[in-house]
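Single-structure report; data block below.
The values are calculated or read from the model by the stated rules, or taken from the named source; none is laboratory data. Bear in mind that the values here come from a model prediction, so they are computed numbers and not experimental data. Glycine gets a Cβ as well: all are built from the backbone with ideal geometry, and neighbour counts include every protein chain shown.
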Amino acid sequence: MSTFNYFQIGDFCQRTFAGLLNWPAQARNTGLLDQLLDSPVSKAYQDIVQNGQGSRKYVLSYNPKECSEPSAVDICNTPGTGFTPTNRQIEYSFADAPTIQTRLMRVGSQSYRDWCDLNGGGAGYIQSLQRQFVNEFQQGYERLEKAILQAAWNNKGCYADGTATEKTIQLFLNPNTGVPTVNPAWSFGVEGDLAQLGLDTMAYYVGGKQFWQAQRIIQSQYQVPNTMLGVNPAASGIGNMAYSPMMSEITVNNTYEKVLVISPEAVALTTFSKVLNVFANTAITDVGGAIQQLFNVSFSNTASTQNMAFVLVDPLKGLLWDAYATLTQCGADFTLDFYAELTYRFHVLPMNDRICNNNCFAGIQVYNLCPLPTPEACDAPDAPVTPTVLCLDATLPDPCTYVVAAGETVTFTRGSFSLTWVAPITYTITSQNDLFVLLVRMFGSKATYGNWYINSCGDIAYNGLGADASGDTLAAGAGTIYTTCFEDPIAITIATCSAC
C-alpha cells in the first residue's frame, strides 16, 4: 500500500461521493411521501419569499372563500361597498425546521487497507460505502414517511359532510371463496362529499396492507372490462391510492384497519438546502452548477483537518440533501467522517375559511376499512397412502427341473387375476431367479398387467400397478403357474413383502 498524499485522499473521497447515484437501495414503500412530492395541486399553492429576514422563509398562499349570498347590485346606483378578493399567506421559517439524518459513517486508513489486503483492491470498498450510504437515504425516507403520517393523523378533522361519527369504506366485496373482488365503487362516497364542498376529488388515499392486497388483485384479476355489468373493475384502482407499511404504526385503534383521506389543497411538503440556501422546489438544473462547484473544491487543500459541506441529489426521490464531511490527516493516516441531512417542513393549511358551511373539516379524514372477507378454510390434504408392495414366493419341484418348452402355453392365475402367454423360447427353471426371468417375460408382453422386480431384500416384488384383461388387479393369496405339458403346476403365494 503506497503512502497517501492529500491529492490521493481527495480523489478517494470524491470518487466515494460521486458514485452515490449509481447504487439502488432495498426500497420500501413510502406512499404518502411519494404523493406529496409529485403533487401539482399542492405545488400550485406554493411561493417563495426571496428576502426573508433572519433566515430564508417559505410562503404558502391560498384564497379564502366568501360564503355570503350576493345581493342584487347596480353598479351605477349602488354605493361602493363591494367585496375585495383577498389572498392569504402563511410564512414559515426554516431556522428550526426538523431534519432527517443518515448515520455518521467513518472511513479510516486501516479499514481501507484491510479491505485492499483481503479483496485485492479498493474499488470494491468504495462500492460498499456507496451501497450503504444509499440505503441510509432509504431509511431516512422511511422515518420521514412515518413523521408526516403522524402529523397528518394528529391534524385529522371531521368528514366532508360535517359529521364526526366514524365512517367505513368497503374496499372488497364479499365472496367466501377464491380471491375477493375489489369493490368498483369503494371511493365514490368520499369523492361525492368532497365534490359537494367544491374540493378536488382526487384526494390522497393512504392505507396499509389491505391497499397492497387490493392493488395486487386489480393487477392480476381485472385485465378485461366486465361488459355484462357495464363496468370496468380496473377503475377500482386509482393513481392516488398509496400503500404505506407505516400506517399500522401510527394508528391508535386496531379494531379496523385505517385509511387516511387527504385533500391535496390541505397539505404540502417542503424541503430546504441549508448549504445552497434554496428550497427543494427549485429545479435541480437551476442549481447544478453550484452543486458541482461545491464538490470540486472539497478535499483539495493540505490542511490536516478539513471540514466540507456540499450537496448530493439522492438517487431515490431526487431531492437535495446537505452533506457534511470532516477529513483528518496525519502523515499517511486519515479518517473521513460524513453524513447527509434533509431539512423539511410538512405544512397543514387551514381549511375552515376555504370552504363554506363546514367549520370542522381539516382536509384530513380517517376512515375504517371493512375487514377483508375471510375465505372458506381449505380442507386438509388426505394423508399420504403408503402402497402395499406384494412379493411372490413359489414352491419349485425338487430335485426335478421345471422346463417350459418353446411354444408351450403358460397360465398365471391368482384368484380372478389371470394371464395366459405362449413361450417364444425354452425356459429352464431351477431357482427363484429363473422364475423371475419367466415372470418378467410373461408380464412384459402385456402392457396393462404390471411387472416384477427384485427388491432390496432379494425377493420377487410386484410393482402394484397392473390389471388383467378383465380389469382385475393382482392381490394377496395363493395361485399357480401352469403349462399345458407339465402335469403339476408351480404353486405360488402372493403376500405383503416382509421387512428385510
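What number of residues within region 149-172 satisfy the criterion of being within 26 Å of the chain's Cα centre (by Cα), surrounded by fewer than 19 Cβ atoms within 10 Å (Cβ to Cβ) and within 24 Å of D34 (Cα to Cα)?
3
Within region 40-56, does at least one residue satisfy the condition of being in contact with a helix residue (DSSP H, G or I) (Cβ under 9 Å, 6 or more places away or on another chain), modelled with pLDDT under 60, loosely packed, with under 11 Cβ neighbours inside 10 Å and not hydroxyl-bearing (S, T, Y)?
Looking through region 40-56, at least one residue is in contact with a helix residue (DSSP H, G or I) (Cβ under 9 Å, 6 or more places away or on another chain), modelled with pLDDT under 60, loosely packed, with under 11 Cβ neighbours inside 10 Å and not hydroxyl-bearing (S, T, Y).
Checking the condition more than 30 Å from D488 (Cβ to Cβ) and either touching a strand residue (DSSP E or B) at 6+ places or on another chain (Cβ under 6 Å) or modelled with pLDDT of 85 or more (or both), which residue from V404, V385, V389, V366 passes?
One residue alone meets the criteria, V366.
I'm trying to understand the selection: among the residues of region 430-475, which are among the β-branched types (V, I, T), closer than 18 Å to V404 by Cβ and modelled with pLDDT of 90 or more? Spell out the reasoning first.
To start, the set of residues in region 430-475 that are among the β-branched types (V, I, T) comprises 430, 437, 440, 448, 454, 460, 473.
Retained after the next criterion (residues that are closer than 18 Å to V404 by Cβ): 430, 437, 440, 460.
Matches in region 430-475: V437, V440, I460.
Return a yes/no flag: does region 294-317 have any residue that is under 29 Å from the mean Cα position of the chain (by Cα), surrounded by 12 or more Cβ atoms within 10 Å (Cβ to Cβ) and assigned to a strand (DSSP E or B).
Yes, the conditions are met somewhere in region 294-317.
If I ask for residues that are buried (at least 18 other Cβ atoms within 10 Å of the Cβ) and either under 21 Å from Q292 (Cβ atoms) or β-branched (V, I, T) (or both), which ones from region 320-338 would you list?
L320, W321, D322, A323, A325, L327, L336, F338
Looking at region 239-293 only, could you name the residues that are part of a helix (DSSP H, G or I), at pLDDT 75 or above and surrounded by 14 or more Cβ atoms within 10 Å (Cβ to Cβ)?
M247, I250, P264, E265, A266, A290, I291
So, in region 383-399, how many residues would count as being in a loop (DSSP other than H, G, I, E, B) and surrounded by 10 or more Cβ atoms within 10 Å (Cβ to Cβ)?
Restricting attention to region 383-399, the residues satisfying the condition of being in a loop (DSSP other than H, G, I, E, B) are 383-389, 396-399.
From what is left, the residues that are surrounded by 10 or more Cβ atoms within 10 Å (Cβ to Cβ) are 388-389, 396-397.
Residues that pass the stated criteria total 4.
Return yes when L372 is surrounded by fewer than 17 Cβ atoms within 10 Å (Cβ to Cβ) and either in contact with a Phe, Trp or Tyr (Cβ under 8 Å, 6 or more places away or on another chain) or not in a loop (DSSP other than H, G, I, E, B) (or both) and no when it is not.
The answer is yes for L372.
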